[in-house]
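A short write-up of the structure that comes next.
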Amino acid sequence: MNHRRVVLSESELPAKWYNLQADLPEPLPPVLHPTTMKPVGPADLAPLFAMELLKQEMSQERWIEIPDDVRNVLSMWRPTPLVRARNLERALGTPARIYYKDESHSPPGSHKPNTAVPQAYYNKIEGIHRLTTETGAGQWGCALAFACKQFDLQCKVYMVKVSYQQKPYRRSMMQLWGGEVTASPSTETESGRSILAEDPLTPGSLGTAISEAVEAAVHDEGVHYSLGSVLNHVMLHQTVIGLEVERQIQEFGDYPNVLVGCCGGGSNFAGLAFPFIRHKIAGKDLRFVAVEPCSCPTMSRGEFRYDWGDTTKLTPLIKMFTLGHSFVPPGIHAGGLRYHGLSPMVSFSLKLGLVEAAACHQLECFEAARLFAETEGIIPAPETSHAIRAAIVEAQRCKEQNKEECIVFSFSGHGLCDMSAYDRYLSGDLEDYEYPQDKISAAIAKLPDIE
Ligand SMILES: *Cc1c(COP(=O)(O)O)cnc(C)c1O
């Protein structure tokens, strides 16, 4: 029998998260205070985050136990299937074996609740009653609203204005799970008001929405802030993806040559890749491809520098690949990939040469999404289509070189709430967009001068 899917049992849900910090050949550069520029400790961040999450942020422990209450909620949809994309392979005529880890099975439809659930849990047990956050395409807001509902917490979401207007269904999903949603920039916060004063017609950006959500949490003891990507504890929580794949690929009797994931803040890529980067550090020969849109080219055209995580410089400074905190990406449809920065752990892995970066154009990604829907049936999120495109490029290379490699990619989410984007693609309305170099240089020129 030619297996198509490996589905693990509930009892095989990982019991521990894997922390790459324990195995990195050099320690991560320290996180710096936004105004003093001195290294921050947990006390500086305690007004925003649960203590347990801050411990995880800085932990050097290799394995961190997943609490039973968290595993219990994750088991609503985990473990997720690892699927061999046999129809796609056939359509491409490639000798490569292509697998995808299907994270679209979660209730919100993406990998994001893998971290939303533990974040809600730790805040709940530390006495917090409300979480604030930002969302781009709405995926993260949905994940956090869903997770907060599981632990009886309130959830306030600042949604980037262009998505608020383009993605009304995700707004409704958040509201169904009890979330309170506001278009950002809003007049509710000082950050929002000052950005609106500068540009009343701004489409908004993740950087701005982060400023608003942080401001709304920082002054209230019972309220914390939650971030859906970028931070080390988020990367940690997402490793359930790769840890499951480790077992599943073994059941297929296979082992990856290349692992591929799309990169916004870096969390679904990290979730798949980090458990296997530990194999690479231990001497195995495998490659990791992190894919971004050409219209928000953080890894391919940004710099590895200290920068703020948000537009109005409220967050700590982190060393990462960045296009500059003042960068406002164009309103492309892969909203979840519109962020000026990138996880410090993924950035550092890239800097150390453990990971490679690739960039794809919007149109070739939608073409890849169409081929995937035709062959494998599932309609991918526009973000996910970047990983599919890059996996196809790898499979075509295997065809040219006549190599039977094993390619595994992260299917980060479904696109059933992104039909307006597909409508525009089908009507020939979409264009490729290359960010002009002078705008990137101008944003990078505003970075602080810190080594
Ligand atoms: C948010 C999102 C991404 C990008 O975020 P990462 O933190 O880089 O994973 C990718 N795919 C989907 C479906 C998303 O919702």
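So what are the ³J(HN,Hα) numbers for the range 409-419, from phi and the Karplus equation (6.51, -1.76, 1.60; θ = phi - 60°), rounded to whole Hz, Gly and Pro as x?
10, 8, 8, 6, x, 8, x, 5, 9, 10, 5
Filter K101/K124; K124/K161; K167/K319; K112/K149; K16/K55; K101/K167 down to the pairs with a C-alpha to C-alpha distance above 22 Å, please. Please report the intermediate quantities before stating the final value.
Values: K101/K124 30 Å; K124/K161 29 Å; K167/K319 32 Å; K112/K149 15 Å; K16/K55 15 Å; K101/K167 25 Å.
Table pairs above 22 Å Cα-Cα are K101/K124; K124/K161; K167/K319; K101/K167.
Taking the Cα centre of the range 113-227 as the origin and placing charges on Cβ (Lys, Arg +1; Asp, Glu -1), which of P113, H219, L131 is farthest toward the positive end of the dipole?
Working it through, the farthest residue towards the positive pole turns out to be P113.
Once the dipole of the range 113-227 is set up with Lys and Arg at +1 and Asp and Glu at -1 on Cβ about the Cα centre, which of I210, C155, Y169 lies farthest towards its positive end?
The one lying farthest along the dipole's positive direction is Y169.
For the chain, give the magnitude of the charge dipole about the Cα centre (Cβ charges: +1 Lys/Arg, -1 Asp/Glu; no others), in debye to the nearest 20.
On the way: 42 positive and 54 negative charges, 135 e Å.
Magnitude of the dipole: close to 640 debye.
Collect residues whose amide H, placed 1.01 Å from N in the peptide plane, falls under 5 Å from the amide H of F409; neighbours closer than 5 in sequence don't count.
Result for F409 returns Y99, Y100, K101, V260.
To the nearest Å, what is the center-to-center distance of the range 123-182 and the range 233-273, using C-alpha atoms only?
Cα centres, the range 123-182 to the range 233-273: 25 Å.
May I ask what percent, to the nearest 5, of DSSP beta bridges between residues of the chain are antiparallel? Before the final figure, lay out the partial values.
Details: 18 of 51 bridges.
Antiparallel bridges make up about 35 percent of those DSSP assigns within the chain.
Note down the nm distance, to one decimal, between modelled labels 7 Å out along Cα→Cβ at N2 and at D220.
Placing both labels 7 Å along Cα→Cβ, they lie 5.6 nm apart.
Would you be so kind as to identify which of C406, C262, A442 lies farthest towards the positive end of the dipole of the chain, taking Lys and Arg as +1 and Asp and Glu as -1 on Cβ and the Cα centre as origin?
Result: C406.
Sorting D285, D69 on the 10 Å Cβ count, fewest up front, what's the list? Each step should come with its number before you reach the end.
Values: D285 7, D69 15.
Least to most surrounded, the residues fall as D285, D69.
Placing unit charges on C-beta atoms (Lys and Arg positive, Asp and Glu negative, everything else neutral), compute the dipole magnitude of the range 55-156 about its Cα centre in debye, rounded to 20.
I would put it at about 400 debye.
Looking at the chain, which Cys residues are left with no other cysteine's beta carbon under 4.7 Å from theirs?
Here C142, C262, C263, C294, C296, C360, C365, C398, C406, C417 come out as lacking a disulfide-compatible partner, given the Cβ-Cβ threshold of under 4.7 Å.
Taking just the alpha carbons, could you work out the radius of gyration and Dmax for the chain, both in angstroms?
Radius of gyration, then largest Cα-Cα span, for the chain: 20.3, 64 Å.
Between R193 and W63, what length in nm is gained on full extension when 0.36 nm per residue of separation is reduced by their alpha carbon distance? Mind dumping the intermediate values first?
Values: separation 130, 0.36 × 130 = 46.80 nm, distance 4.32 nm.
Value of the extension gain: 42.5 nm.
Report the calculated FRET efficiency for E10 and Q437 (r = Cβ-Cβ distance, R0 = 60 Å), to the nearest 0.05. List each step's numbers first, then the result.
Working: r = 51 Å, r/R0 = 0.84.
Working from the Cβ atoms, E equals 0.75.
Based on the Cα coordinates of the range 388-451, what is the per residue volume of their convex hull in Å³?
On the way: hull volume 15.4 nm³, N = 64.
Taking only Cα atoms, the range 388-451 has a hull volume of 240 Å³ per residue.
Please list, in order along the range 197-206, the HN-Hα scalar couplings obtained from phi with the Karplus expression 6.51 cos²θ - 1.76 cosθ + 1.60 (θ = phi - 60°), rounded to whole Hz, x for Gly and Pro.
Couplings: 5, 6, 8, x, 9, 4, x, x, 8, 4 Hz.
Could you calculate the contour length gain from K446 to A91, that is, 0.36 nm times the residue separation minus the distance between their Cα atoms, to one decimal place in nm? Could the numbers behind the result be given before it?
Details: separation 355, 0.36 × 355 = 127.80 nm, distance 4.70 nm.
Residue separation times 0.36 nm, minus the Cα-Cα distance, leaves 123.1 nm.
Quick one: dipole size for the range 370-451, taken about the Cα centre, charges +1 on Lys/Arg Cβ and -1 on Asp/Glu Cβ, in debye to the nearest 20. Let's see the in-between values first.
On the way: 8 positive and 16 negative charges, 23 e Å.
The calculated dipole for the range 370-451 is roughly 100 debye.
Can you sort S300, S412, S104 by how many other beta carbons sit within 10 Å, fewest first? If you can, show how the numbers build up before the last one.
Numbers: S300 12, S412 32, S104 24.
So the ranking, lowest neighbour count to highest, is S300, S104, S412.
What is the range 57-208 by shape, rounded, prolate or oblate, if you read a ≥ b ≥ c off the alpha carbon gyration tensor as root eigenvalues and call it rounded for a/c under 1.5, prolate for a/b larger than b/c, and oblate otherwise? Walk me through the intermediate numbers first.
Details: a/c = 2.16, a/b = 1.32, b/c = 1.64.
Judged from the Cα gyration tensor, the range 57-208 comes out oblate (a/c at least 1.5, b/c at or above a/b).
Read-outs: derived from the displayed coordinates by stated rules, not from any lab. Since the structure is predicted, the reported quantities are computational estimates derived from the model, not experimental observations. With ideal geometry, Cβ positions are generated from the backbone for all residues, glycine too; neighbour counts draw on all protein chains shown.
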